[in-house]
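Only the coordinates and a few stated rules stand behind these numbers; no lab work does. Quantities reported herein were computed from a predicted structural model and do not represent experimental measurements. Cβ placement follows ideal geometry from the backbone for every residue including glycine, while neighbour counts extend to all protein chains displayed.
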Amino acid sequence: MKRAVTSFAIVLIVALAGPSATFDRFAYFPFGGGPRICIGNGFALMEAQILLATLRRRFRLELAPGAVVEPMPLLTLRARRGIEVVAHAAR
């Protein structure tokens with residue numbers, strides 16, 4: 001369960017960076033790469049985009065007061081203790 005939340009947090013960071021942000025092709029590596037790439041990755045990424053677009057329309061996210069984001073680089077970049085946010089209803 002924690003792994004899914006962490007992966008969602010990474011997707012959220014990438015989505016909030018905006019369409020003009022550029023990332024290396026393998027900066028986010030949840031589905032493998034090369035000849036053994038997951039066949040469901042296209043669907044999963046599309047589903048994540050729809051979810052994020054829905055959340056973005058309904059909520060405004062802010063970093064929680066006093067929260068510190070400490071990066072933990074492994075195979076993918078993760079937040080060491082997660083990312084605490086406060087959701088406000090969109091106006």
#### Entry: Subset tally (residues that are exposed (fewer than 13 other Cβ atoms within 10 Å of the Cβ), touching a residue at least 24 places away in the same chain (Cβ under 8 Å) and hydroxyl-bearing (Ser, Thr, Tyr)) for segment 35-80
0
### Query
Assuming residue 83 fulfils every condition listed in (1) on the phi < 0 side of the Ramachandran plot; (2) free of Cβ contacts under 8 Å to residues at least 60 places away in the same chain apart from one, which condition is it?
(2)
